[in-house]
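The values are calculated or read from the model by the stated rules, or taken from the named source; none is laboratory data. Note that the structure is predicted; figures quoted are calculated from it, not measured. Neighbour counts are summed over all protein chains in view; Cβ atoms, including those assigned to glycine, are modelled from backbone coordinates with ideal geometry. Each accessible area value is taken on the protein alone, full model and side chains, heavy atoms only, with ligands, DNA and RNA left out. Shrake-Rupley method; radii C 1.70, N 1.55, O 1.52, S 1.80 Å.
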Amino acid sequence: MTDLISALRDICGEKHVLSGDDERAGFDTDVFGDKIGKSLAVVRPASTAEVAQILELADATNTPVVPQGGNTGLAGGATPTTDERQIVLSLARMNAIDDVNVETRTVTVEAGVILQNLHDAVAKHDLIFPLVFGARGSCMIGGNISTNAGGSNVLRYGNTRALVLGLEVVLPGGRIMNLMNALYKNNTGYALKDLIIGAEGTLGVVTRAVLQLHPAPTARATALVSVSSLSAALRLLRRLQDTSGGAVEAFEYMPENHITGYQSLNRDRAFPLETPGKVNILTELGATSKLLASPGEDGRPLIEGLLEEALSDGFEASEVLDAAIAQNDSQREAFWHIRESAYEVATAQGPAIDFDVSVPLDQVECFLDRARETLAPIVPGMRSTIVSHLGDGNIHYGVLPQDNLGGIDPALKTRVMEAIEDLVTDLNGSFSAEHGIGSSKRPSMARQKDPVALAAMHKIKAALDPKGIMNPGKVLP
Ligand SMILES: Cc1cc2nc3c(=O)[nH]c(=O)nc-3n(C[C@H](O)[C@H](O)[C@H](O)COP(=O)(O)OP(=O)(O)OC[C@H]3O[C@@H](n4cnc5c(N)ncnc54)[C@H](O)[C@@H]3O)c2cc1C
């Protein structure tokens with residue numbers, strides 16, 4: 001083992017191989033602090049060439065490798081297991097952002113770039129990389145790609161997969177696969193780029209990427225709205241899409257108990273509506289055309305007028321009950337703070353059985369109703385935490401048993417997981433919408449994934465990683 005550590009030090013330099021317990025602790029633990037592994041060392045390469053040498057060494061020594069970005073993943077994919085031979089390969093030092101190409105609206109980045117830093121770099125060119133969610137201050141592009149991350153803007157811009165044009169990947173054994181191009185059309189054989197995206201580090205290490213950028217909206221219209229039901233919310237979404245020509249960037253659902261939970265944690269912040277409704281929606285429209293950003297008769301951007309128009313149609317139909325439109329950036333930030341505090345609101349209530357599911361848009365209400373009915377006999381007196389990227393059918397659903405503060409009984413957890421996942425399958429949904437499989441959802445893979453698809457995945461894994469040393473114990477059951 002000391003030989004391996006000194007070989008890693010020869011590659012990356014003495015101070016970039018961390019082997020002390022304290023040095024490794026943060027890398028060996030997941031974001032919640034409830035998955036704790038044990039690695040031999042954390043290695044922090046500075047270049048693709050160093051990553052390639054590390055994977056060559058790992059291959060020669062049968063050393064399992066756990067790639068890690070910002071370590072914000074919610075499925076345990078970046079946490080080593082308890083096999084003490086594993087090394088964590090942290091991409092944090094590979095954080096270069098090449099020049100932004102404003103002609104092609106693309107940028108080339110290394111895998112360790114923090115998402116927020118990319119947002120800031122491209123904003124100088126009036127461009128956006130439209131992947132947005134609460135962990136953007138610490139998650140990294142390589143992690144976003146490897147989890148095919150979603151977030152609040154999928155409705156308009158798609159998942160990470162839709163934003164990646166080119167990739168550089170170091171395969172097990174150390175060969176560098178160059179798929180780096182900025183092409184929109186490239187039908188040259190199997191879609192290897194798409195295979196790596198979402199593979200959660202089980203097929204290789206992403207080292208660089210060419211990303212697609214979009215014009216930054218020059219005006220935004222943001223509203224917090226109380227509506228009469230989830231089906232009324234969907235009608236509002238359709239109205240907004242129709243009147244704005246598809247400019248809806250976000251459409252997020254928060255039930256009443258999310259708002260009251262938020263209020264109890266943020267007593268100094270006023271809630272924008274008179275009272276929280278049962279169904280609260282945070283929606284945002286972005287104007288990327290000059291016309292929609294130009295001022296109307298009242299001096300405000302036309303896009304805001306379109307938002308008001310859709311809301312007043314909703315009022316007339318008695319489907320919109322109350323609404324507030326952000327009047328400036330600080331109000332917009334305050335509205336988003338309510339949504340982006342989901343993690344704090346949920347964790348304040350103690351341990352939960354968490355789900356990240358998706359169902360067809362018109363089945364969200366049905367899912368929530370049936371989940372309540374299904375779980376009533378299994379979890380008497382249960383409470384739930386819910387937030388949803390409603391615009392794309394993704395529901396973050398947490399089940400809180402009555403006595404959850406004392407911890408959750410594993411047998412109960414399994415029963416609840418099976419019941420909810422069966423329900424999701426019945427509704428033609430997915431048991432993992434955007435957080436991936438990692439280690440947490442491997443049992444669900446075994447139960448729910450089509451067996452033929454699973455067998456194909458195992459064959460792909462065996463072909464690319466015959467020794468099974470890339471992120472073992474993740475994704476595949
Ligand atoms: C508060 C909060 C809010 C969140 N909101 C969302 C959300 O709305 N939508 C969403 O999709 N996710 C969300 N997440 C989950 C998480 O932020 C994303 O999954 C993110 O993309 C992970 O990036 P990371 O750099 O932290 O990856 P890590 O956690 O470090 O790794 C995640 C997986 O990718 C692999 N990996 C990392 N880097 C590489 C690489 N270079 N090459 C190969 N494999 C690699 C790891 O092995 C692991 O399997 C949220 C998390 C938090 C804490």
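Brief remarks on what is shown
- Residues in segment 263-275 that are hydrophobic (A, V, I, L, M, F, W, C), under 28 Å from the mean Cα position of the chain (by Cα) and under 13 Å from L224 (Cβ atoms): F271 only.
- Evaluated against (1) within 12 Å of the ligand (Cβ to nearest atom); (2) under 18 Å from V206 (Cβ atoms); (3) not aromatic (F, W, Y), P80 falls short on exactly one condition, (2).
- One residue stands out in segment 56-108 among those that are in contact with a Lys or Arg (Cβ under 7 Å, 6 or more places away or on another chain) and among the hydrophobic types (A, V, I, L, M, F, W, C): the one that is farthest from I197 (Cα to Cα), namely A92.
- E256 vs. criteria free of Cβ contacts under 8 Å to residues at least 40 places away in the same chain, in contact with a Pro (Cβ under 8 Å, 6 or more places away or on another chain) and under 25 Å from E365 (Cα atoms): yes
- Pairs with Cβ under 7 Å, 6+ apart, first in segment 152-168 and closer than 11 Å to I197 by Cα, second acidic (D, E) and away from the ligand (no atom under 12 Å from the Cβ): R161/D194
- Residue within segment 250-262 that is surrounded by fewer than 22 Cβ atoms within 10 Å (Cβ to Cβ), under 27 Å from the mean Cα position of the chain (by Cα) and in a strand (DSSP E or B) present: yes
Matching residues to (1) within 16 Å of the ligand (Cβ to nearest atom); (2) in the same structural domain as T160 (by TED's automatic domain parsing); (3) among the small types (G, A, S):
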site	(1), (2), (3)
G381	no, no, yes
S388	yes, no, yes
N404	no, no, no
I408	no, no, no
T414	no, no, no
S432	yes, no, yes
Q448	no, no, no
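- Residue match in segment 233-249 (condition: closer than 30 Å to G350 by Cα and hydroxyl-bearing (S, T, Y)): no
- For segment 86-109, filtering for residues that are assigned to a loop (DSSP other than H, G, I, E, B) and more than 20 Å from E50 (Cβ to Cβ) leaves 4.
- Residue in segment 197-215 that is more than 20 Å from the chain's Cα centre (by Cα) and either among the aliphatic types (A, V, I, L, M) or within 30 Å of L361 (Cβ to Cβ) (or both) present: yes
- Filtering segment 110-127 to residues that are among the hydrophobic types (A, V, I, L, M, F, W, C) and in a loop (DSSP other than H, G, I, E, B) leaves A111, V113.
- Only residues that are surrounded by fewer than 24 Cβ atoms within 10 Å (Cβ to Cβ), in contact with a strand residue (DSSP E or B) (Cβ under 8 Å, 6 or more places away or on another chain) and assigned to a helix (DSSP H, G or I) were counted in segment 387-410, giving 1.
- Criterion: among the aliphatic types (A, V, I, L, M) and surrounded by fewer than 19 Cβ atoms within 10 Å (Cβ to Cβ) - qualifying residue of A96, A135: A96
- Taking the criterion of being open to solvent by 10 Å² or more (accessible area, probe 1.4 Å) and within 15 Å of G112 (Cα to Cα), the residues of segment 50-67 that qualify are E50, P67.
- Selection within segment 220-249 - over 18 Å from D322 (Cα atoms), open to solvent by less than 10 Å² (accessible area, probe 1.4 Å) and in a strand (DSSP E or B): V248, E249
- Matching residues, segment 9-49, being open to solvent by 40 Å² or more (accessible area, probe 1.4 Å) and assigned to a helix (DSSP H, G or I): R9, D10, E14, K15, D21, D22, E23, A25, A49
- You will find that of V102, V109, V88, the residue that is closer than 22 Å to H435 by Cβ and in contact (Cβ under 8 Å) with a residue 12 or more places away in the chain is V88 and no other.
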